[in-house]
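I have placed the structure first, in the form of structure tokens, so that the comments after it can refer back to it.
The values are calculated or read from the model by the stated rules, or taken from the named source; none is laboratory data. Keep in mind the model is a prediction, meaning the values are calculated, not measured. Note that we place each Cβ from the backbone using ideal geometry, even for glycine, and neighbour counts take in every protein chain shown. Remember, those area values only see protein heavy atoms, side chains included, never the ligands or the DNA or RNA. Shrake-Rupley method; radii C 1.70, N 1.55, O 1.52, S 1.80 Å.
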There are 2 protein chains.
Amino acid sequence: MKYIKYPTTEAWATLTTRPVFDNDDLQKTVRIIFDEIRQRGDKILRKYTEIFDRVKIENLNVSKVEFEEAEKLISNELKAAIQLAKCNIAKFHSAQVEAVQMIETTPGVVCWRENRPIEKVGIYIPGGSAPLFSTVLMLGIPAKIAGCTQIVLCTPPNKQSKINPAILYAAQLVGITEVFKVGGIQAIGALTFGTESVPAVYKIFGPGNQFVTAAKQAAQNYGVAIDMPAGPSEVLVIADQTAVPEFVAADLLSQAEHGADSQVLLLTDNEEFIAKTNEALQLQLIALPRKEIAEKALANSKTILLKTIEECMNFSNLYAPEHLILATKNARQLAEKVVNAGSVFIGNYSCESAGDYASGTNHTLPTNGFARNYSGVSLDSFVKKITFQELTKQGIANIGNAIELMAEAEQLVAHKNAVTVRLMVNDK
Amino acid sequence: MKYIKYPTTEAWATLTTRPVFDNDDLQKTVRIIFDEIRQRGDKILRKYTEIFDRVKIENLNVSKVEFEEAEKLISNELKAAIQLAKCNIAKFHSAQVEAVQMIETTPGVVCWRENRPIEKVGIYIPGGSAPLFSTVLMLGIPAKIAGCTQIVLCTPPNKQSKINPAILYAAQLVGITEVFKVGGIQAIGALTFGTESVPAVYKIFGPGNQFVTAAKQAAQNYGVAIDMPAGPSEVLVIADQTAVPEFVAADLLSQAEHGADSQVLLLTDNEEFIAKTNEALQLQLIALPRKEIAEKALANSKTILLKTIEECMNFSNLYAPEHLILATKNARQLAEKVVNAGSVFIGNYSCESAGDYASGTNHTLPTNGFARNYSGVSLDSFVKKITFQELTKQGIANIGNAIELMAEAEQLVAHKNAVTVRLMVNDK
């Protein structure tokens, strides 16, 4: 990790900058594949699955038999673990259901909001080295609680035309039945336009590589919403002398193993702590199967020594990390100062892995500085909040004159007139 | 208005389609202006203000004196009306502040969400024929309630270098002090990149013409969030024999006067009602100052006769209107069937103008079918909901094993290890 000692405040702007990727070429590729899918549907999904995933797919949708086979392949221990995670995620997200609150803003003028599910949602689960069945829980559970009527899951098949059994087990556990063997740009295109097999959806969720990210970005141009813009995963740890070097080292490595482009930052006011953490880090690194990936990520990572923990928090708010671990004395009070972050882990026993899997919070979070202006996925992400208003005769009489005056001042006379015709009846 | 009698369900797909605009050329223009602003700041704002608004601007920011002058130009009646609207909007949006709810998902595992304001937000208010000071209220009030620390307002100047006094009055009333005389693409570019005068922001709100819309879309490519994608304004009215033709005609016209591209739909199960409404519409139209605009919009508008009110609601849910007026018997029960809409107006006395100005609900709503997957602006739009979790020793002991199993199954051993190092201490 790069070590930066007492940087000047002027240097912070550079230190908090993310690497920038130019995806113009990617967007061109996306446009070509999208156009093909729009015109020729499933055929094109099969074509690109053969090119990118190197497998010929006959039936794109996962059959009932495949779901049953998958369930048999999962150990009872893993099933219990997944069920525990499901239970906690469901508890946390169910608590986000809002009671309808009727507000009488003026006598006779009642306003309220009601949640309605986004009817059709798509969930993308990457394939590749790590089968992210935990993401099936993180997106499927709130979609079900919200009441989305159609939940479509796309994930790339392996060379044997199969989907990882843990992904299928998690899908059936949360009640997702429409699963399709298609990944990458072609999956996002299918969810955007719909094909003979894959239904079109109104909003697409889920992580992915740069191809998937570019395709999700492009989907927005066709009226489809997405969960949030994406970038490489990140953790920022703020630690003082009360932190445990072995714990912090393990947390930094758990982020670093995600990918060579993972962003890892350690901020501290204690120089001795840095040395101890580096030592623990080297020891733990040796034993990791994804050691090479983690090493690459660490080469770009930063340890920054600052004067105070308050300065560390200011830096963190400027950086706006996806994950923020507070391994300090009085971490709970420090958490009150958080302005920009995706999810915050308080104290020595709150590791990022807890939130990644089973604490109950959602692990789909804003990266790349987007924690400044976006929230992570929650129940809100699967609903629209529709406003309602009901005015009585008395209600329009009470606010009608104000509306008439404002509409006239905005030179919108028909807006005024919609009130006037109602007040005239009132006068009778 | 075009009259469509008992269309087949197959025809609904076409009838609910919006006009599609190709904005490739616009995007090119936006890119050129954005690049210039990025490099040369204020100079470029002045250059395009001269080209597009035909006025030379010296000081881009509105001075204290100009605020004071504006206040004097507003009648006491209009001030009182604006204050009444402010009061109702504040009441409705303040009720959206959520209490923090601590959820213990497992003993020793506590999770919660807290709102944090988006620190820097930009509000765009169009100039042109209608000075939309009501939008200053609709965006400024929730921004203030959320606690946004920097609220920057941009709006184009008139030929005398002035801003409409009602816009300035509304701005100072809600507590916005940073107002800049710049409109169009150049305003959005300034808010995206920042210039010597105009600060850069994290999220941009507000309506605008196709240039502003294209610029807001482009701003997203530079990490700036926007309130929502935009399109022409819309109203859909569902009316039965209990509706009042004069009211419905006035509501249709209040939408039609917005612009030639406004979308206006009337759905009913009663053929007689259509004739009466058309009659009232012709009478009211004659007296409108924006008659020509309204006529153009009406030429593209549709009256659709369907068999039942239930069919009308199904059609509306497929169309997903920005504004939905329910002028029917038992409108409140019918409202329960709404799945896709921006804001709903229930009963004969709930005109769209009420929500546009003073009922308390927000008038910044999803158009163009986006009510299927987006909510209108609310307090939520100005905050991030950050998740927090705090685990005790006992907490990680309770869920640690599940995390270890899941992380291992996802082949993320460092994630597992972050738990293992903590459980080992626990065992001591």
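So the values come out like this:
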quantity: Semi-axis lengths (Å, descending) of the ellipsoid that matches the C-alpha gyration tensor of the range A:1-91; calculated: 40, 31, 12
quantity: Over the range A:1-41: Rg over Rh, Cα atoms, Kirkwood Rh; calculated: 1.44
quantity: Counting DSSP beta bridges with both ends in chain A, the antiparallel % (nearest 5); calculated: 25
quantity: Low-density loop cleavage sites - trypsin sites (Lys or Arg not before Pro) in the range B:20-100, where at most 14 other Cβ are within 10 Å (DSSP); calculated: B:54, B:56
quantity: Inverse mean reciprocal Cα-Cα distance (Kirkwood Rh) of the range A:66-159, Å; calculated: 16.3
quantity: Estimated distance in nm for a label pair at residue A:32 and residue A:71, the labels positioned 7 Å out from Cα along Cα-to-Cβ; calculated: 4.4
quantity: Distance violations [Cα-Cα > 23 Å] among A:120/B:337; A:28/A:302; A:120/A:384; calculated: A:28/A:302
quantity: Förster radius 22 Å - calculated FRET efficiency between residue A:177 and residue A:54, Cβ distance, rounded to 0.05; calculated: 0.20
quantity: Label zone at residue B:308, where the point sits 7 Å out along the Cα-to-Cβ direction: the range B:336-372 residues whose backbone N lies under 18 Å; calculated: B:336-339
quantity: Trypsin sites (Lys or Arg not before Pro) within the range A:304-349, DSSP loop, no more than 16 other Cβ atoms inside 10 Å; calculated: A:307, A:329, A:337
quantity: Backbone HN-Hα couplings from phi across the range B:61-70 [Karplus 6.51/-1.76/1.60, Hz, Gly and Pro as x]; calculated: 8, 6, 8, 4, 4, 5, 4, 5, 4, 4
quantity: Interface size B-A, as summed buried accessible area [1.4 Å probe, Å², nearest 100]; calculated: 10200
quantity: Residue-averaged 222 nm ellipticity for chain A, from DSSP H runs of 4+ at -39500 (n - 2.57), nearest 500; calculated: -14500 deg cm²/dmol
quantity: Shielding by partners - mean other protein chain Cβ count within 10 Å, residues of B:372-381; calculated: 5
quantity: Those GluC sites (Glu not before Pro) in the range A:96-161 that DSSP places in a loop and that have at most 15 other beta carbons within 10 Å; calculated: A:98
quantity: Once the Cα gyration tensor of chain B is diagonalised, semi-axes √(5λ) in Å; calculated: 41, 33, 21
quantity: Surface/4 of the Cα convex hull for the range A:231-375, nm²; calculated: 7.7
quantity: Net lengthening on full extension, residue A:424/residue A:394 (0.36 nm per residue, minus Cα-Cα); calculated: 9.6 nm
quantity: Fully extended contour minus Cα-Cα distance, from residue A:22 to residue A:94, at 0.36 nm per residue; calculated: 22.0 nm
quantity: 1.4 Å probe accessible area per residue over chain B, in Å²; calculated: 38
quantity: Intensity falloff of the range B:130-206 expressed as log10 I(q)/I(0), Debye formula with alpha-carbon point scatterers, at q = 0.11, 0.14, 0.19, 0.26 Å⁻¹; calculated: -0.25, -0.42, -0.79, -1.42
quantity: Exceeding the 23 Å Cα-Cα cut-off - candidates B:91/B:385; B:2/B:296; A:393/B:307; calculated: A:393/B:307
quantity: Length-normalised contact order for the range A:254-338 - Cα pairs under 8 Å, 6+ apart - percent; calculated: 37
quantity: Amide H contacts of residue A:383 (H built 1.01 Å from N, under 5 Å, at least 5 apart or other chain); calculated: A:118
quantity: For B:248-254, mean number of other protein chain Cβ atoms within 10 Å; calculated: 5
quantity: Cα centre as origin, Lys/Arg/Asp/Glu Cβ charges: chain A dipole, Debye; calculated: 920
quantity: Within the range A:232-344, percent of DSSP bridges classed antiparallel, to nearest 5; calculated: 0
quantity: Shielding by other protein chains, B:93-101, mean Cβ within 10 Å; calculated: 2
quantity: Carbon and sulfur %, accessible surface of chain B computed with the full protein complex present, 1.4 Å; calculated: 51
quantity: Dipole magnitude of the range B:231-375 about its Cα centre (Cβ charges: Lys, Arg +1; Asp, Glu -1), debye to nearest 20; calculated: 200
quantity: Amide H contacts of residue B:123 (H built 1.01 Å from N, under 5 Å, at least 5 apart or other chain); calculated: B:152, B:153, B:154, B:205
quantity: Solvent-accessible area of residue B:14 with every protein chain in place, 1.4 Å probe, in Å² to the nearest 10; calculated: 110
quantity: Long-range amide H partners of residue A:325 with built H, under 5 Å; calculated: A:236, A:237, A:238, A:345
quantity: Neighbourhood charge, 13 Å Cβ-Cβ cut-off, centred on residue A:281 and excluding it, Lys, Arg +1 and Asp, Glu -1; calculated: -3
quantity: Pair residue A:270, residue A:158: separation of 7 Å Cα→Cβ label points (nm); calculated: 4.4
quantity: Table column - 3J(HN,Hα) (Hz), the range A:378-391, Karplus curve with 6.51, -1.76, 1.60, x for Gly and Pro; calculated: 8, 4, 3, 5, 9, 10, 10, 9, 8, 8, 10, 8, 10, 10
quantity: Dipole in debye (nearest 20) - the protein assembly as shown, about Cα centre, beta carbon charges: Lys, Arg +1; Asp, Glu -1; calculated: 420
quantity: Karplus-derived HN-Hα couplings along the range B:404-420 (A = 6.51, B = -1.76, C = 1.60, θ = phi - 60°), whole Hz, x at Gly and Pro; calculated: 4, 5, 5, 4, 5, 5, 8, 6, 10, 5, 5, 4, 4, 4, 4, 7, 4
quantity: Signed unit charges on C-beta, dipole axis of chain B, positive-most listed residue B:287, B:236, B:107; calculated: B:107
quantity: Relative contact order (%) - the range B:231-375, alpha-carbon pairs under 8 angstrom, separation at least six; calculated: 28
quantity: Once the Cα gyration tensor of the protein assembly as shown is diagonalised, semi-axes √(5λ) in Å; calculated: 47, 32, 25
quantity: Of all DSSP beta bridges in the protein assembly as shown, antiparallel share, percent nearest 5; calculated: 25
quantity: Accessible area (Å², 1.4 Å probe, nearest 10) - residue B:424; calculated: 120
